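For reference, the structure is listed below as structure tokens.
Derivation of every value follows stated rules applied to the coordinates shown; laboratory data play no part. All of these numbers come straight from a predicted model, not from anything done at the bench. Cβ coordinates were reconstructed from backbone atoms using ideal geometry, including for glycine residues, and neighbour counts include every protein chain displayed.
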Amino acid sequence: MNQYSKGQSLLELIIAIALFAIVILGLSLFIFNSNNASRLAFDMTKADFLAEEGLEATRSIRDNNYSDLPVGSYGLAISSGHWIFQGANEDLNSELNGGTRSILIEDVSVNRKKISSTVSWNFTENRLEEVKLITYLTNWQLVSVYCEGVCGPCSSFRNKGQCQNQSGCSWSGSCLGVCTPCPSFTDRNSCRKQTGCQWIQ
């Protein structure tokens, strides 16, 4: 084998090794990103559930006594089999990495409150994620007809038709936006069209 052939073989070997390294790096990045996407989807589903649970817990507290909804930010706890407000937020680290849940209560009118249930967690060391759901609760003992419930979060819809039927959501490859809170609807038909809402009378 002459010197030229040896040099050509060496060059081919270097190119082959470089191509192999690029393929391995690409596959590694693909697997890493796929793993992150799967983990984020899992965390988002869990966070949606916990945020919705926060709204349901607050509704349960309201059903017991509307005056138990003072304006402020609270955590949740269970006492004697019943939901209660406790502290400024709730530790959810056992469910999500560094996770917390807070319930913000704001006055809308004398017999209506805006309720925001926020779940936040550390997806990575430098990346904070958050899910926030909003509803409105009325003093149902005084208000007899209204739209109630927790609107289905936009991220829960997997096809374009369902996404576009939910007020506040839009489709862009996936369902994005913030669903319109159920109490925003003042007539039965509009209320019933929304996933998660029900007309109370």
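Some observations on this one:
- For region 98-116, residues that are in contact with a Lys or Arg (Cβ under 6 Å, 6 or more places away or on another chain) and either in contact (Cβ under 8 Å) with a residue 40 or more places away in the chain or not in a strand (DSSP E or B) (or both) total 1.
- Entry remark, region 72-112: residues being surrounded by 13 or more Cβ atoms within 10 Å (Cβ to Cβ) and under 14 Å from G54 (Cβ atoms) number 21 in total.
- Scope region 46-92; condition polar (S, T, N, Q) and not in a helix (DSSP H, G or I); matching residues: N65, S73, S79, S80, Q86, N89
- For S170, the test of being outside any strand (DSSP E or B) and out of contact with any Lys or Arg (no Cβ under 8 Å at 6 or more places or on another chain) is failed.
- Filter result for the condition that a residue is buried (at least 19 other Cβ atoms within 10 Å of the Cβ), part of a strand (DSSP E or B) and not charged (D, E, K, R), over C163, C151, C147: C147
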